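Below is one structure, written out as structure tokens; the observations come after it.
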Amino acid sequence: LAVLIYFIHHTASSIRIESLLASLADETAATIDRLFPERLGDEEPETGGEPPDFQPGLIVRPQASGYVQSVDSSSLLRLASEENLVINVVARPGTFVTERDPLLRILATKAPGEEKLDAQRSTVIVGIERTPYQDLDFSIRRIVEIAQRALSPGINDPTTALYCIDRLREALVRLAERRTPSRCRHDDEGRLRIVAEPVSFEAVAVGAFGAVALYAGTDSDVLRALASALDAVIAAAEGKDRARLLGLRRSLRQRLSDAT
């Protein structure tokens, strides 16, 4: 009987929106820590100049369509060093690819054998669904979608949207405090081995707040919360490119002025 009572209580608690958002926020924080381990002020790594042109290059394609779930960069770096390659990661986590789309582009003095290509292909995990492991946009998007549904005319639940905005502010302030890694990775001898475009902080932040703002309408509470969250993120992002965030904040302030 005690176990049954505990199970019912646990189930009821776990499906509350506050519990769900806390769980999503924890996963998002873990993804940020995984992708952006260094904080602002840490020493900048050497980038080694502009990467080479990978066109046309040797192309590695997936064996089946799906979403890129993760890239094992450590294994890819080791393989590139062993074969004296420079590898461009074309499809980063979250990208949907088909059998015809490139995963990797390779510059090599001689073409690697099929076995080596399979080893490089295996460093990129492709599955039928997106996962939050290395896909920050997906982690943020799940919170955004809850806010959008809450603000839809059929539901009209601004309180839930305010919870979501609080969690978005928490995640994006954490992201703003992290240093964006270089797109170039080198081996122990300083030779360029991997080129991969990092996630853009400003694109993630503007996309998240902008998507919620589209559904906010003239709700002054939601607009005020969005503007306040933007203030916190912009303050944390000092030293980064904030032009689009500042423009979004001005737009929100104007909408809030019109609504009140």
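The values are calculated or read from the model by the stated rules, or taken from the named source; none is laboratory data. As the structure is a prediction and not an experimental result, all values here were calculated from the model. Positions of Cβ are generated from backbone atoms using ideal geometry, with glycine treated the same way; all protein chains shown enter the neighbour counts. We work out accessible area using only protein heavy atoms, side chains counted, and drop any ligands, DNA or RNA first. Shrake-Rupley method; radii C 1.70, N 1.55, O 1.52, S 1.80 Å.
Numbers for the structure displayed
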item	result
Filtered residue count, segment 74-106, keeping only those that are closer than 16 Å to residue 126 by Cβ and not in a loop (DSSP other than H, G, I, E, B)	6
Extreme residue, farthest from residue 210 (Cα to Cα), among residues of segment 101-138 that are out of contact with any Leu (no Cβ under 7 Å at 6 or more places or on another chain) and of a type in the set (S, T, N, Q)	109
Restricting segment 201-253 to residues that are outside any helix (DSSP H, G or I) and either open to solvent by 60 Å² or more (accessible area, probe 1.4 Å) or farther than 28 Å from residue 153 by Cα (or both), the residue that is modelled with the lowest pLDDT	239
Qualifying positions in segment 134-154 - in contact with a strand residue (DSSP E or B) (Cβ under 8 Å, 6 or more places away or on another chain) and of a type in the set (Gly, Ala, Ser)	none
Count of residues meeting criterion [under 19 Å from the mean Cα position of the chain (by Cα) and open to solvent by less than 50 Å² (accessible area, probe 1.4 Å)] in segment 149-179	10
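Okay, residues lined up against (1) under 16 Å from the mean Cα position of the chain (by Cα); (2) open to solvent by less than 30 Å² (accessible area, probe 1.4 Å); (3) modelled with pLDDT of 95 or more:
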{"residue": "29", "(1), (2), (3)": "yes, yes, yes"}
{"residue": "43", "(1), (2), (3)": "no, no, no"}
{"residue": "46", "(1), (2), (3)": "no, no, no"}
{"residue": "61", "(1), (2), (3)": "no, no, yes"}
{"residue": "70", "(1), (2), (3)": "yes, yes, yes"}
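Yes or no, residue by residue, for (1) assigned to a loop (DSSP other than H, G, I, E, B); (2) open to solvent by 20 Å² or more (accessible area, probe 1.4 Å); (3) at pLDDT below 95:
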| position | (1), (2), (3) |
| --- | --- |
| 110 | yes, yes, yes |
| 116 | no, yes, yes |
| 129 | yes, yes, no |
| 138 | no, yes, no |
| 141 | no, yes, no |
| 145 | no, yes, no |
